[in-house]
Amino acid sequence: VRLFEYEAREVVRRGGIPVTDFGFATTAAQAREIAERIAGPVVIKSQVLTGGRMKAGGVQFADTPDEAERHAAHVLELEINGHSPRGVLVDPRAQVKQEYYAGVVWDGLRKQPVMLFSDMGGIDIEQVAAEHPDHVGRRHISNLLPLSDFAAKECIAQTGVTGSRLNRLVPIMTRLAAVFAEHDLTLAEVNPIGELEDGTFVALDAHVDMENEARPRQAALLRDLGVGEEETRQAREATPFEIAGEEVDAMDHRGVAGNVTEFDGDLGLVIGAGGGSLTLFDAVRAHGGRPANYCEIGGNPSVRKAAGLARLVLEKPGVDKIAVMMSIVSNTRVDIVARGVVKACLDLGYDPADKIAIFRIPGAWEEEGFKILDHYGVPYADRTVSMHEAARRAVEGVKA
Amino acid sequence: MSILVDAETTFIVQGITGREAVNLTRECLDYGTGARIVGGVTPGRRGREVHGVPVFDTVAQCVEHHGGPIDGSVVTVPPAFTKDAVFEALENGVKLLVIVTERIPRRDVAQMVELAKLRGARIIGPNCLGIIVPDVIKMGGIGGPAQDAAKAYTPGPIGVISRSGGMTTEMSSTLTAAGLGQSTAVSIGGDPIIGSSYAELMPLFETDEETRGIVIYTEPGGRMEAELATWVTEHESRLPIIAFMAGRFMDEMPGMSFGHAGTIVEGHEDTASEKIARLAEAGIIVAEEISEIPGLMRDRLGAGATA
């Protein structure tokens, strides 16, 4: 789950990292009040979960509360990459001597978090790493040992930073690593950290991503931040079709019949399991097919859920036929899926033989499943027909 | 021969009284020469039996009952308790853990993996179906009930490593149909951090005399395939590798996760197209379709390469 900047700043602040006296506003009037409190020049920043804010005009500078209110009114209405802002962040404009970067991310190969530091802050760390590798420090940290300042010191010192700067930056990096671990983050970034005229340091922006799997045990923090349980915060907002797919999956707790993603084609897909769905979606496209959706079934869902998913896909505007395909199943029962998809066709008043372009699910209880399909004249295939061949037949079935 | 497990391997099932675990226990007992499941653990259920396997409260009780070290454990406890269960197994001398559980937070996984390394143990998974040595032993739900597993898997010269449990069986079945059996097939799990990657299993297959080629199933997300490409280049592996890459469509949809938790395009390096290029550079053939895999493997193995 991605957090907005104002939420991310709150998370690092709670972790003991100094932040500016910023405020969050959802109306222009609120933005004005915050600017009045700050009593100096401010920055108005759009709160959206997408990049390119500055370029899109989502970041504006204001010298007076009047100006802040005007800019906020504009930014609040400004859509960026299809995202409407949650609000605006009103931030005092700091006089900064130098900008730094501090971040913590997972290294999936080393299977440890890695601290990243640069004395060239304010720009993308990957760009710095590519162009100025000697300005980036890296240090992996143990998952088991208690966090200790020396790791942060080693990380920062790699860039040549020394003196009081080093000693003041070390606790910021250590605290960032602590926040990363404590809140199950997959990314914790403070960029830039500003070095002020008086030699102190302050976070001028923050970026935080929390792992979805950890949402249950991070419920208290998410509640404090006001992140609703229903907020998925995916890269793309869920469509009504996708939300209906989640409802199908939630019908009961037996297996999975969901993870629906909407596409604009004419071939409805009832496919599974995880890897099988990825393979089959590619296969349909490789044969020139246009999928209407992606989805996953697996873990032996009930007839009701399989039928619900098939019905949802069949009812999607523009869908002519569905293809029911999986990699060889050992847990999910072929006959249960067959029953479900046939039921969906019958419930909608369709002939299953006409609406199901191909049924290719080999494996557990396949004889029973194939008997049902024979009865209704649905074309099916066993494991001697490859997943790609089944996809080809599905695509031909739609053309026919 | 085989890697990781053989007919002598002893293991326990942690969370054995759960619905899926009961099935899994039955399947493993029935398959091949019959798995040596020496105990099961569910706290508070000591004294019960699951298909004749005695249930204990702790791993220590299992070890005591067995009267010596236990080789492995299949961990099927809910995600909130998995780390504790794995730590318990590791601290009681278990050296091979197959973690079936899905949706374990990454930090927990990383902690388990780090402790396993300190204890000289190995983790397969999480979010995996386990290991199978055809006609000998299966450790985990891989291949399903014994009679279904027997349809898909046959003994032979090919090592299979897959990020998808279901696709491990699909690919092995395709190999079996073409007369290419498997030495060992490993479902390594679909999470962003897993106990054993392709490159971490390759040295085992490399030293296994029976294994003559490797088939892998790969997906977008992460850098495991790049790690394998580097390993192959640096070690001049004797084993030809044929890869299949699913999820090519995801290159157009960065930031969205499909199929498995670890399957998400976050940058340039972890796209399907970039991975295919990396694998190809290292001499790994990437099949367009699964049905091509046996033919490609036979070409690389040369004449007389049948099971």
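No lab work stands behind these numbers, since they all come straight from the coordinates. Keep in mind that what you see is a predicted model, and the values were worked out from it rather than measured. Here Cβ is always computed from backbone atoms with ideal geometry, including for glycine, and neighbour counts include all displayed protein chains.
Details
- Nonlocal amide H pairs with A:Thr186, under 5 Å, H built at 1.01 Å: A:Asp209, A:Met210, A:Glu211
- Site pair A:Phe150 and A:Ala29 shows an inter-label distance of 5.8 nm when each label is modelled 7 Å from Cα along Cα→Cβ.
- Student exercise, the stretch B:205-307 dipole from Lys, Arg, Asp, Glu Cβ charges, in Debye to nearest 20: 220
- Using the Karplus relation 6.51 cos²θ - 1.76 cosθ + 1.60 with θ = phi - 60°, the per-residue 3J(HN,Hα) values for the stretch A:136-149 come to 10, x, 9, 8, 6, 10, 5, 7, 10, 6, x, 4, 9, 4 Hz, with x marking Gly and Pro.
- Taking the longest Cα principal axis of chain B as reference, the axis of helix B:106-118 is set at about 80 degrees.
- Above-threshold pairs, the threshold being 18 Å between Cα atoms, out of A:Lys45/A:Lys97; A:Lys111/B:Lys138; A:Lys321/A:Lys343: A:Lys45/A:Lys97; A:Lys111/B:Lys138
- Paramagnetic reach from A:Thr200 in the stretch A:8-37 [backbone N under 16 Å; point 7 Å along Cα→Cβ]: A:13-14, A:16-22
- Cα-centred dipole magnitude for the protein assembly as shown, charges only on beta-carbon of K, R (+1) and D, E (-1), debye, nearest 20: 1060
- Here r is the Cβ-Cβ distance between B:His51 and B:Gln147 and R0 is 25 Å; the resulting FRET efficiency, rounded to 0.05, is 0.95.
- Spin-label model distance (nm) - A:Arg254 vs A:Asp351, 7 Å beyond Cα toward Cβ: 3.1
- Stretching B:Ser273 away from B:Leu118 to a fully extended chain increases their span by 52.2 nm, per 0.36 nm per residue minus the current alpha-carbon distance.
- Nearest-0.05 FRET efficiency for B:Met256 and A:Arg223, computed from C-beta distance (R0 22 Å): 0.25
- DSSP bridge pairs, chain A: antiparallel proportion in percent, nearest 5: 75
- Shape of the protein assembly as shown, Cα gyration tensor, a/c cut at 1.5: prolate
- Per principal axis, descending, Cα span of chain A in whole Å: 82, 49, 38
- Potential extension, A:Gln95-A:Asn81 segment - 0.36 nm per residue separation minus Cα distance: 2.0 nm
- Dipole-positive endmost among B:Pro157, B:Gly140, B:Val113 within the stretch B:98-181 (Cβ charges, Cα centre): B:Val113
- Where labels lie 7 Å past Cα in the beta-carbon direction, separation of A:Glu131 and A:Leu109 in nm: 2.5
- Cα centroid separation - the stretch A:156-219 against the stretch A:57-89, whole Å: 27
- One Cα centroid belongs to the stretch A:3-34, the other to the stretch A:323-342; the line between them spans 50 Å.
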